[in-house]
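The values are calculated or read from the model by the stated rules, or taken from the named source; none is laboratory data. From a predicted model like this one, the values you see are computed outputs, not experimental measurements. Cβ sites come from the backbone with ideal geometry, for glycine too, and all protein chains shown count toward neighbours. These area figures cover heavy atoms from the full protein model, side chains too; ligands, DNA and RNA do not enter into them. Shrake-Rupley method; radii C 1.70, N 1.55, O 1.52, S 1.80 Å.
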Amino acid sequence: MCGIIAITTSSNTKVSKLITTGLKRLEYRGYDSVGIATINQGKIETLKDAGTIDRVNQKLNFENLEGSIGIGHTRWATHGPPNQINAHPHADCTKKIMVVHNGIIENYLEIKSDLERKGHIFTSQTDSEVIVHLVEEELKLANPPKSVIQAFKNTITKLEGAYAITLIHTDEPETIFLARKDSPLVIGVQEDTKFAASDIPAFLEHTKKVIILKNGEIGVITPKTVYIEKNGFRVQPKPFIVSWTAESAQKSGYPHFMLKEIHEQPIALKNTINIDSEELSKASKKILESTRIVFLACGTSYHAGLSGFHQIQRILPKKPIYPIIASEYETYSHLIDEETLIIAISQSGETLDVMKALSAARKNKAQVISLANVTDSSIPRLSHISLYTKAGPEIGVAATKTHTAQVALLARLAIQLEFEAGELSKDDYSVQVDNLVQQTPQIVRTVINQNELKAKKLASIIQNQNHSYFLARGLNMPVALEGALKLKEISYIHAEAFPAGESKHGPIAIVETNFPIVMIAPDDWTTKKMLGNAEEMKARGGYIISVTEKDHRITERSDYSFFIPKAFSPIINPISYVVPLQMLAYYTAVRRGYDPDKPKNLAKTVTVE
Ligand code: AGP
């Protein structure tokens, strides 16, 4: 997810200043590199570099750029590490055309090789750069010469994937060309100035008059005009007046980033699972050739690692696999040698406990695969293979969309491994991958729609409790651990997760009337015993909250139930079953008067030991 903005004005305002403040309002969408381009006296001027907006602006001083038309971009790297050449905007060979893009061009490799064969010189590793070279090629070929808009429209028809695009050409020094598919793009309307951006906050201080560009629409804006068409026919949407404040607009109207990010999980999952199998195949081969495997992570990422442990152990039951908490590395360091594969999981890619353990493991010649959400961050740089979740920046301190994206990526890796291990036929492999890609986002969307109000209501029931238990068995334990961590880290209610079979070995002693006990109970081999655990807790006055399937017998013993649709495979249960618990934690924190985005004593990235 990146932030883009474009402005054209007939007032004598220098747009570089407006673009810079607009990018600051979009920083929550990405911040690993940033750039601006303007047209000044018929020439393109560009400033861009890796780093946050403030740091790059301090170094390059964006306001040096003259001109009354310009585009800007703050990046969250997906293709190509965050550095100066990969920062947007990107130019064509003639340096007359500039583009900024948010999204993923899925067919960029074939477009790029075709354009290179035609002599185009690419300067970046990004997918986005193909856009400007395509427009250039369209204009070069034309006889009689095409208009820029025609070349632009022809270009858009060739792109597959998701995009929000703003493009400028020195031949049309007042015009900005827009296109949108699956990535947001909105237009801000002022008398003599027009804005286009990924999100309303970018220009909200200048105008509240907004037009939403819809999927498949092409826009052309100049200081005085807005033209929009779809499939060659003009559309004339009515602008609407937004009532949001700038701050609430960054959250797209949600009260907190955490709730927004919970709701972003379907798209985060879709973007993550849609991964090319080449990297997965390399990772699978490394798993198969390793003598032992160590999952290495902290906190919520450790819970994702536990899911990965269960998924891989199911496929390779004879291979020693150790899920370890990174700060406990020394306890296991005797295991680490050149035959050990470390799978390091970290959304930030910067957690010091993980980095320290990885550095020690590398000294012992271990092989390393990393799963991170930040391209080219420190932990991927310590890895032989880097796999990336594509959840976009996560602003809420409590991990939600990055966690389910990690579990989904591990599930996709497990399917690849099962296939490469010869345990899955080619047809079954394709079916499993299709099911994962198609069903996972849909099931999570359904879970959110069907359980959010229940979570809100349950929050009011448990809000005054001081203690809670989260119980599960076997492969469902990661959900219990993650649910407990979410509740305690943002609502400050003490929450303890442990295997349900352990209850009678001590923990049940403190259960009393209305003591909340969350039980993770899909219909699987754990069912019978989970029923027994529910009985024993209920007998002591426990308030049983089950996360289960509609007709599961545990609902008869439950005081409250969240229902999860049955999936094509239990492989996605650690994803779908955790979502109601994310919402429960969120609404309980809000009921208790806390800010879920900024829990006390916690940081989004733990860079201390
Ligand atoms: C997330 O909800 C937690 N606040 C925290 O445990 C986090 O998961 C942990 O610090 C690991 O972070 P990482 O994924 O960036 O390595």
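Selection of the stretch 389-417 for residues being in contact with a Phe, Trp or Tyr (Cβ under 7 Å, 6 or more places away or on another chain) and assigned to a helix (DSSP H, G or I) yields only 415.
Residues that are open to solvent by 40 Å² or more (accessible area, probe 1.4 Å) number at least 1 in the following strands (runs of 3 or more DSSP E) confined to the stretch 41-136: 43-50. Can you confirm whether residue 327 is within 16 Å of the ligand (Cβ to nearest atom), polar (S, T, N, Q) and within 18 Å of residue 388 (Cα to Cα)? In short, no. Please work out which residue is farthest from the chain's Cα centre (by Cα), limiting yourself to the stretch 283-326 and to residues that are assigned to a helix (DSSP H, G or I) and surrounded by fewer than 16 Cβ atoms within 10 Å (Cβ to Cβ). That would be 289. Considering only residues in the stretch 19-40 that are open to solvent by 20 Å² or more (accessible area, probe 1.4 Å) and hydroxyl-bearing (Ser, Thr, Tyr), the one that is farthest from residue 1 (Cα to Cα) turns out to be 21. Any residue in the stretch 479-493 that is buried (at least 20 other Cβ atoms within 10 Å of the Cβ) and outside any helix (DSSP H, G or I)? Yes, because at least one residue in the stretch 479-493 is buried (at least 20 other Cβ atoms within 10 Å of the Cβ) and outside any helix (DSSP H, G or I).
Please tell me if residue 450 is under 26 Å from the mean Cα position of the chain (by Cα) and open to solvent by 20 Å² or more (accessible area, probe 1.4 Å). So residue 450 fits the description; yes. In the set (1) surrounded by fewer than 18 Cβ atoms within 10 Å (Cβ to Cβ); (2) closer than 29 Å to residue 373 by Cβ; (3) among the small types (Gly, Ala, Ser), residue 589 fails one condition alone, (1). With (1) open to solvent by 10 Å² or more (accessible area, probe 1.4 Å); (2) within 10 Å of the ligand (Cβ to nearest atom) as the list, and residue 372 as the residue in question, which single condition is left unmet? (1) is the only condition that residue 372 fails.
Taken together, the residues in the stretch 217-233 that are over 21 Å from residue 68 (Cα atoms) and open to solvent by less than 40 Å² (accessible area, probe 1.4 Å) amount to 4.
Scanning the stretch 556-579 for residues that are surrounded by 18 or more Cβ atoms within 10 Å (Cβ to Cβ) and polar (S, T, N, Q) yields 558, 561, 573, 576. Screening residue 341 with (1) surrounded by fewer than 22 Cβ atoms within 10 Å (Cβ to Cβ); (2) assigned to a strand (DSSP E or B); (3) away from the ligand (no atom under 16 Å from the Cβ) gives one miss only, at (1). From the list 321, 262, 312, 336, the one residue that fits, being within 18 Å of residue 572 (Cβ to Cβ), at pLDDT 95 or above and away from the ligand (no atom under 16 Å from the Cβ), is 312. For residues that are touching a strand residue (DSSP E or B) at 6+ places or on another chain (Cβ under 7 Å) and of a type in the set (A, V, I, L, M), tally how many sit in the stretch 83-120. Count: 8.
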